[in-house]
Structures are given as structure tokens and as C-alpha cells.
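Enquirer: For reference, the structure I am asking about is given below.
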Amino acid sequence: YHNGGGLQFDREGDLYLTLGDGGLLGDWRNRAQHLDILLGKILRIHPTPDEARAYEVPDDNPWIGFSDAAPEVWALGTRNPYRIDVGPDTGDVWVADVGLRCAEEVTRIAGGRGGANLGWHHREGGLAFVGGGPPDLLDPVYWYPHDPGCAVIGGAVYRGRRLPELEGSYLASDYCTGRIVALTPSGGDSSDGVSARDLGVESLAPLGIFRAPDGELWLTNQSGEVLELRPPGSTDLAE
């Protein structure tokens, strides 16, 4: 329950894993904010073929050497981070985090800088959930209420050739509406500032949007379909 589901390598061969808070309504145990608990976090490890151990911890993880923190933790404060995208060129990390009762959110960690606190359970989207919390929470770049959406579905940055107007934009959807939105960073090395554009297409009960090796994007849905995003009227076959 709320286990997350994101797995992705970066250009250095490190593996990012997204974990939810483990359930219990509202994360009343505040697992997502305790650094010694892996739940409610983004982890970063380096898998190794050594049979004696499954992985190593990168030596630049932000809480290496802290006695009260698990060294695998790369970022904290997630509820149900169902998908993650790690940019192969910029290193930006995009996280689509499914909300509880108020809001859905997407956060961009520019440049892949570890140590961010995404805020759960102190807040949900741009709304307060449980008061207090540290002052340096990383704001989501995009969030929306549960009317009409219900669960944000990430998400990948477009790096293909068929749709040049989407270059560098992060595409996400929602399980209930199925609408696809493009989030385009305003530029610079900042984690805030995106413009959102509804692409006018939708899919029934989407489950994920993924980037192929050629940079084009594919969408999977509850019906078992795998769909490629193409220009309007396109009839060419995928290679």
C-alpha cells in the first residue's frame, strides 16, 4: 500500500527507486520525514555484480555518514511516487506523487541535486496537510485538486524528433481523466517555473508514460495497450 513504483538508472549507472509511505491514512507515523526509514523516500544505489552484496551506496548521497539516516536515502517526503524520470542529459529528476484527498503533484529536482524534501505529510500539493515542517520544502512545479483528477500518472521528458515543439517537456497524465499535459520548464537551473499545456489527447486509465531509446514517448494503460505519441494525422509505423 503506497509502495511507489519508480525504477530508473541515471547516466552514471546509479539506480533511483521511489518508495511510498507504506500506507496508514495520512502517514500518521510520519515515516516520510524520518531519514532512518526507507519508506516515503527516493533512494539511490549502485547495483553491483558482487555476490557478497547487492549494491553499493554512492559516496555523494546527501546523508552519507549521518548516524540517524539511512545512507540510501536521496530525497524524502513522498507519499506514493508512482513514477520517476531521470533526465539522461540534464540530470533533472521528475517525480509524480499521487495524493491522498486534496491534490496531485509533480516535482522537478533540477540538476539531480540530492537532499530535497518534497513535503509529505506536512503538505499535499500546494495545500497544508499536517501543520509545521521544515521551512525548506521543495515546491512542486505543478499540482491540481481532485476535481476532476484522482491520481497523477507520470511521466517522462520528451527527447524525440517527431514532435519538436515538445522537446524538453515533461509529459504526465491522470488515471481518471486520461488527459495528457506537457510541462515545459521556463529555463535556467531552477526547480520552479513551468508552463502547463493540455495536449488535447487522452487515454482510458493510463498507467505510465515512458521514454524509448530514441526519445519518443510511449503510454501504457489499464486496457493493456502500448501507445506511441505521434503528430496529428501521422500514419508512419514505429521503427
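The values are calculated or read from the model by the stated rules, or taken from the named source; none is laboratory data. All figures in this text were calculated on a predicted structure; none of them were measured in a lab. For neighbour counting, all protein chains shown are included, and Cβ atoms are generated from backbone atoms with ideal geometry for every residue, glycine included. Note: accessible area is taken over every heavy atom of the protein model, side chains too, but ligands, DNA and RNA are not part of it. Shrake-Rupley method; radii C 1.70, N 1.55, O 1.52, S 1.80 Å.
Enquirer: May I ask you to derive the FRET efficiency for HIS46 and ASP147 from their Cβ-Cβ distance with R0 = 45 Å, giving the value to the nearest 0.05?
Expert: That gives a FRET efficiency of 0.60.
Enquirer: Quick one: with all protein chains in place, what share of the accessible area of the chain is carbon or sulfur, to the nearest percent (1.4 Å probe)? Don't skip to the answer; put the middle values down first.
Expert: On the way: 6060 of 11380 Å².
Whole-percent figure for carbon plus sulfur exposure: 53.
Enquirer: Let me check the size of region 105-189 from its C-alpha atoms; what are the radius of gyration and Dmax in Å?
Expert: 14.5, 46
Enquirer: For region 83-239, what does the accessible surface come to per residue with a 1.4 Å probe? Please give it in Å².
Expert: On the way: 7150 Å² over 157 residues.
On a per-residue basis, region 83-239 sits at 46 Å².
Enquirer: Return the FRET efficiency for the residue pair LEU15, ASP136: r is the Cβ-Cβ distance, R0 is 45 Å, and the value is rounded to the nearest 0.05.
Expert: 0.95
Enquirer: Run the quick spin-label model on VAL226 and TYR55: label points 7 Å from Cα toward the beta carbon, then report their separation in nm to one decimal.
Expert: For the pair VAL226/TYR55, the computed spacing is 2.5 nm.
Enquirer: Could I ask something else about it? Taking only Cα atoms and a 10 Å spring cutoff, compute GNM fluctuations for the chain and point out the largest among PRO134, PRO88, PRO58.
Expert: Sorting by GNM fluctuation, first place goes to PRO134.
Enquirer: Pick out which of ASP68, ASP174, ASP97 has the largest mean-square fluctuation in a Gaussian network model of the chain, springs linking Cα atoms closer than 10 Å.
Expert: Highest fluctuation among the options: ASP68.
Enquirer: Quick one: among GLY125, GLY91, GLY155, which has the greatest mean-square fluctuation in a GNM of the chain with alpha-carbon springs under 10 angstrom?
Expert: GLY91
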